[in-house]
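The values are calculated or read from the model by the stated rules, or taken from the named source; none is laboratory data. All of these numbers come straight from a predicted model, not from anything done at the bench. For neighbour counting, all protein chains shown are included, and Cβ atoms are generated from backbone atoms with ideal geometry for every residue, glycine included. All accessible areas refer to the heavy atoms of the entire protein, side chains included, with ligands and DNA or RNA removed. Shrake-Rupley method; radii C 1.70, N 1.55, O 1.52, S 1.80 Å.
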Amino acid sequence: MADGTAGRRRGGGRAGNAARRGGVVIEQMPWKPPINIDRPVEPLTEEGVAAIHLGAMEILEDIGIAILNPEALEIFREAGARIDGDVVRIGRDFVMEMIAKAPSEFTLTPRNPDRTITVGGKTLLFGNVSSPPNYWDMEIGKKVPGTREMCRNLLKLTQYFNCIHFAGGYPVEPVDLHASVRHLDVLYDKLTLTDKVMHAYSLGKERVEDVMEMVRIAGGLTHEEFDATPRMYTNINSTSPLKHDYPMLDGWMRLARRGQGLVVTPFTLAGAMAPVTMAGAVAQSLAEGLIAIALAQYIRPGAPCAIGTFTSNVDMKSGAPAFGTPEYMRATQMTGQLARFYGLPMRSSGVCAANVPDGQAMWETSNSLWAAVQSGTNMVYHAAGWLEGGLIASPEKFIMDCEILQQIQRYMDPMLTATGPDDIALDAIRSVGSAGHFFGIQHTQDRYTTAFYQPFLSDWKNYEGWEAAGAVWTPERAHLLFKQIIADFEAPPMDEAIREELAAFVARRKEEGGAPTDF
C-alpha cells in the first residue's frame with residue numbers, strides 16, 4: 001500500500017530539492033478539497049424546475065431513448081419498460097423510484113487513503129483535462145498528436161497540484177500507443193505516477209475489467225475489499241440526441257455490479273444535438289442521464305451515481321461548439337437546480353473554445369469554473385489544461401487554470417467571512433484611529449503571512465518591475481514552471497511487489513492482445 005503521508009512528504013521533498021538546486025518553488029495551498037459555503041445561483045423558479053422535470057419525464061415516457069446495448073435493453077424489458085425496436089420508454093414513477101435509491105453523496109478511495117474524496121454534499125472537486133487527442137506547449141509551438149511522454153508529463157502535473165483532486169481520463173491521448181494496449185500503459189503510468197482517484201473509460205469489456213483489476217492490484221486489495229466501497233469511477237456520455245451506445249452502457253453496468261462510481265454526462269450542444277433553447281436542451285440532457293442512472297439502480301440499488309451536464313451552444317455561423325458562454329453558464333446553473341431536485345451529485349466542466357492559452361482561454365474557462373461553483377457542482381471535469389473545445393491539452397493552460405482553482409479554494413475559506421471579535425478588529429481600528437495606518441500594528445503582524453491569497457503564477461509587480469524582470473507574459477511563466485515541476489517531480493511511493501504485480505499484469509494482457517479496437 002502507498003504510504004498515507006505521501007502527499008505531505010512529497011511536497012516538502014520537492015520544495016527542498018528545488019531550493020537546493022536554486023529552482024522555482026511553488027508555494028501551494030494544501031490538499032483540502034473545498035467546501036462550497038455559498039448559496040447556489042438558482043435562475044429557475046419552482047415552476048421552472050417543475051416544467052423542466054416534466055419535460056424530461058415526458059421524453060422518457062413518450063418519446064423514448066434508443067438503447068443500443070442488447071443486455072441493457074433486456075433489463076429494461078424485465079423492469080416493465082415499453083420496448084419498440086431499440087427505443088425504450090419508461091414511466092416516471094419507475095424513474096423516480098430508481099433515482100431515489102441513489103445516494104446523495106459517496107466516497108471514492110484511491111490507493112492512498114489520504115486522497116479519499118467525497119462526491120456530493122457541498123464538496124467541490126477538480127479533475128485534470130481528459131481525452132484531447134492533441135497537445136500544445138510553448139516549446140513546440142504548434143498543435144501535435146499526443147504521445148505517452150506528453151501524457152506522463154500531464155499526469156505529473158495532476159499529481160503535483162494539490163488543487164487537482166482526481167485523475168480523470170487520459171490527460172492527452174497517447175496516439176503513439178496502439179489502441180488495443182493503450183489503456184494498459186496509461187493506467188500503469190497513472191497508478192505509479194499518481195495516487196489520486198482513478199477513472200476507467202467504458203469502451204468495451206476488456207478495458208473496464210483491466211482497469212478494475214489494475215486499481216485493485218495497486219491498492220493491495222482483495223476482490224472483496226475492492227467491491228466493498230467505491231475505489232474508482234467511470235464517466236459515460238450519451239450519444240445525443242436520445243441515444244446510449246453499446247460499449248459505454250456495457251462498462252456502466254459492469255462497474256454498477258461492483259459498486260464503483262458512475263457519472264453520466266450527456267453532451268448536448270444546443271442548436272445541434274439538442275433544442276436551441278436552453279430549457280429544452282437541459283430537459284433532454286436530464287432525460288438521457290436519468291435513464292442510465294435508473295438502469296444502474298435497477299441492477300444494484302444504492303450504486304453511487306452522479307449526473308453530469310455538458311450543455312452548451314454552437315456558433316450558429318459555423319456550427320463550432322462554444323464554451324464558457326452565458327448560455328453555458330445558465331445551463332449549468334439550471335442543471336444544478338434539477339440535480340438537487342433529484343438528490344443527485346452533479347458533475348460539470350471547466351472548458352473553453354480557445355486554441356492557445358490566451359485571454360480568451362482564461363475568461364471562458366473562468367466563466368465555466370464559476371458557473372460550476374454557482375451551480376453547486378461536486379465534480380468539475382477538465383478543470384485544468386483544456387483547449388480548442390477539448391481537442392488540445394496544454395501544460396501551460398493546466399498551470400494557469402490551477403491558479404484559478406487555488407483562488408476558488410481560497411474564496412471558499414471560512415476564514416474570509418469570519419465575524420468573531422478578532423475579525424471585526426475593533427481594538428485594531430481603535431488603536432490606529434484616523435491618524436495612522438495598519439501596516440505595523442500587532443494585529444496585522446500576527447496575520448500578514450496568511451491574511452491574503454498568495455499567487456504562484458500571477459505577477460503583481462508594476463509595469464516597470466515586470467519589464468525589468470524580463471517582461472515575461474503569463475503563458476511563458478507557466479511554461480517555465482511546467483519545466484521545473486517535471487524536472488523536480490517525485491512519484492508517490494508504491495510497494496515494489498505491487499509495482500511488479502502491476503507490470504506483470506500489463507505484460508500478460510499485452511500478450512493476450514489487450515482489447516479489441518472495434519465494437
Checklist entry - Counting trypsin sites (Lys or Arg not before Pro) as exposed when in a DSSP loop with at most 12 other beta carbons within 10 Å, what is the longest stretch of the chain free of them? => result 143-316
Checklist outcome for this item: FRET efficiency for GLU476 and ARG77 from the Cβ-Cβ distance with R0 = 51 Å, rounded to 0.05, comes out at 0.30
Item to check | Which label in (i) 69, 54, 41; (ii) 79, 58, 47; (iii) 65, 61, 46 gives the computed Cα extents along the principal axes in Å | outcome: (ii)
Next on the checklist: Tell me the carbon and sulfur percent of the accessible area for the chain, rounded to whole percent, probe radius 1.4 Å.
Outcome noted: 55
Checklist outcome for this item: Summing +1 per Lys or Arg and -1 per Asp or Glu among the other residues with Cβ less than 11 Å from GLY376's Cβ gives +1
Checklist entry - What nm distance separates the two modelled labels at ASP518 and TYR448, each placed 7 Å from Cα along Cα→Cβ? => result 7.1
Checklist entry - How about region 455-516: which GluC sites (Glu not before Pro) there are in a DSSP loop, with at most 16 other Cβ atoms within 10 Å of their Cβ? => result GLU490, GLU512
Checklist outcome for this item: For GLU511 and GLU496, extending 7 Å from Cα along the Cα-Cβ vector and measuring point to point gives, in nm, a value of 2.3
Checklist entry - region 383-417: which GluC sites (Glu not before Pro) are DSSP loop and have at most 14 other beta-carbon atoms within 10 angstrom? => result none
Item to check | Spin-label pair ALA469/ASP413, simplified geometry with 7 Å Cα→Cβ offset, distance in nm | outcome: 2.0
Next on the checklist: Using 0.36 nm times the number of residues separating ALA50 and ASN355, minus their current alpha carbon distance, what extension gain do you get?
Outcome noted: 105.9 nm
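State the extension gain, in nm to one decimal, for the chain segment bounded by ALA504 and ALA320, taking 0.36 nm per residue of separation less the distance between their alpha-carbons.
61.8 nm
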Next on the checklist: Could you tell me the calculated FRET efficiency between ALA435 and TRP31, based on Cβ-Cβ distance and R0 = 45 angstrom, to the nearest 0.05?
Outcome noted: 0.50
